[in-house]
1. Report the local net charge at residue 228: Lys and Arg +1, Asp and Glu -1, summed over other residues whose C-beta lies under 15 Å from its C-beta.
2. Starting with the highest mean, order 241-250, 205-214 by the number of other Cβ atoms within 10 Å, averaged over the residues of each peptide.
3. Mean residue ellipticity at 222 nm from the helices of the chain, using -39,500 (n - 2.57) per DSSP H segment of n ≥ 4 over the full residue count, to the nearest 500 deg cm²/dmol?
4. Output wanted: per-residue J couplings in Hz (rounded whole) for the stretch 170-185, from phi through Karplus 6.51 cos²θ - 1.76 cosθ + 1.60, θ = phi - 60°, x for Gly and Pro.
5. So if I average 1/r over every pair of distinct C-alpha atoms in the stretch 105-191 and take the inverse, what Kirkwood radius in Å does that give?
6. Ordered by packing density, taken as the mean number of other Cβ atoms within 10 Å over each peptide's residues, highest first, how do 264-270, 381-387 rank?
7. Distances over 29 Å make up what percent of all Cα-Cα pairs in the stretch 194-393?
8. Using each residue's phi in the stretch 383-391, evaluate 6.51 cos²θ - 1.76 cosθ + 1.60 at θ = phi - 60° and report the 3J(HN,Hα) Karplus result to the nearest Hz, with x for Gly and Pro.
Amino acid sequence: MNKKISLGIAISLVAIGCAITFVLTWTVSLGIYNSKISTSEKYEGVYQKLREIDATVTQNYIGTVDDQQLESSIINGYISGIGDKYASYIPPSSYYELQQTQAGVILGAGFEAEEDSSGYLKITSVYKGSSAELNGVLSGDIITAIDGKSLLSMEPGQALERISGEVGTRLALQLLRDGESISVNLVRQQLEIESVSSRLINENIGYIQITTFNAKTADQFTNAVTSVTNDGAKALIIDVRQNGGGIVSALKPILNQFVPSALAATVEYSDGSRKTLIETDSESSIDLPVAVLMDGGTVSAAELFAAVLRDEYGATLIGAQTFGKAVMQNTYEFSDGSALTLSVGKIYTKSGTWNETGLKPDYTVELAAGALPGNISDDADAQLQKAIEVLTPQIPAE
C-alpha cells in the first residue's frame, strides 16, 4: 500500500538533511583549518629564523649561493630531522630514473651505489652488459670523485644526484679498490636490467642469483628455474647476497612458485593495525631442496624473500647476518615530479620481524676478508661450498 507524505513534512526532511550536511561539512573544514593553523604556528619560528638567516647571507656573504643546492639541503635537513634513517627526498630526474629501474630498465652508467660512512659512495651492484661492467667496475669499489670533483666537498645526497644524467653523456669516476686509485670513464645508457642469472653446479644443483627485485625479475626467475631443471637440477641455491632489495610486489609471483597458499607477510602501521603484504595463491609449487645465500648486503625485499622461503618453504639460510631492514616504505610523488620515500610500517613474517637485528642464517659462514660474492671463484666461495654440502644429502638418489 502506498503511503503519501505531506508537502510540509517533505520540505522539513529536506531542510534537516541540508542542515546535517552543512554541520558535517563545517566540522570537517574547521578541523582542516585548525590543523593548518596549528602547523603554521608550529613552524612559524623556524620560517622566521630562515628568513633572518637568508637576509643576513644575502647582505654579507662573499660567496655565491647555489639556490638549487640550498633548496635541496633545506629539504634533506628536514628529512634528516624526522629521525627516519630510510626516508629520502628524490629530485625529479632521480625519481624518473628510480621508476625506470623499478620497471626493469636502467638509465645510467650501470651500477648502484650508496653513501658510505667515510663520505664517499660505495658501489653495491654492477649490472651485466652495462658500461660499468665493461669498464671493470666492481661491487665494493669506493667512488672518491665524480667528474674530477671530490665527494668530500659535496653536500649529502649531491654525489648520488651527480651520477644521474641524460643517456649518451659521459661520467668520469675515481675509484678506490684495495688501496689503489682507479680512473674509469663511463657512458650513461638505457639498458634492460638482467636481475637474474643461472647455471648448473655439480651436474645436479641449480644456482640462481638475484641481484635486485624489479618488475621483470619474476619472469626472469621463472625462466632460470626452467633452464636449470631442464638441465637436470635436483636442488636449488638462490643467491641474494649483496641484493639491495627493490620492489616488494616482485616477490609474490616468485614465492608463488614455492608456497602455493600462505599469508606470507604482514605490515604493522603506526596505529597498531595490520594489513596483508604478501599472500600467495598458486595451484602448484616447486618441490626441490632449497638453500638461500645471504650476507650483510642482503637488504629489505631480499631479506623478506629469504625469511618467507625459510618460514613457509623450509629453505636453509646460509652465509652471514643480513642488513636488518624490515620496514615498509611508501613513495609520495609531488607536483614537480620529485618524491619522498617514507617508512610507514614494520614488516612481519611467520617467525616475526628482523628489523634492526637482521636475519640470522641457519649456517653462519664468512667469506675471506675483503672477498665479495661474484669477485671470487666457486672454490674460494665458502658460503657457496657450504650450500652444496648441505643440499647434496637432500638430493634423491636416482
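We did not get these values from a lab; they are worked out from the coordinates using the rules stated. Model, not experiment: these values are computed from the prediction. All Cβ positions, even for glycine, are placed from backbone atoms using ideal geometry, and neighbour counts span all protein chains on display.
1. -2
2. Values: 241-250: 22.4, 205-214: 24.0.
Ranked from most to least packed, the peptides come out as 205-214, 241-250.
3. Computed ellipticity for the chain at 222 nm equals -10500 deg cm²/dmol.
4. 9, 9, 9, 10, 10, 10, 10, 9, 6, x, 9, 8, 10, 9, 9, 10
5. Computed over the stretch 105-191, the radius equals 12.7 Å.
6. Values: 264-270: 18.3, 381-387: 21.6.
Listed from highest to lowest mean packing, they are 381-387, 264-270.
7. Values: 4215 of 19900 pairs.
Everything past 29 Å amounts to 21 percent.
8. 5, 5, 5, 5, 4, 4, 4, 6, 7
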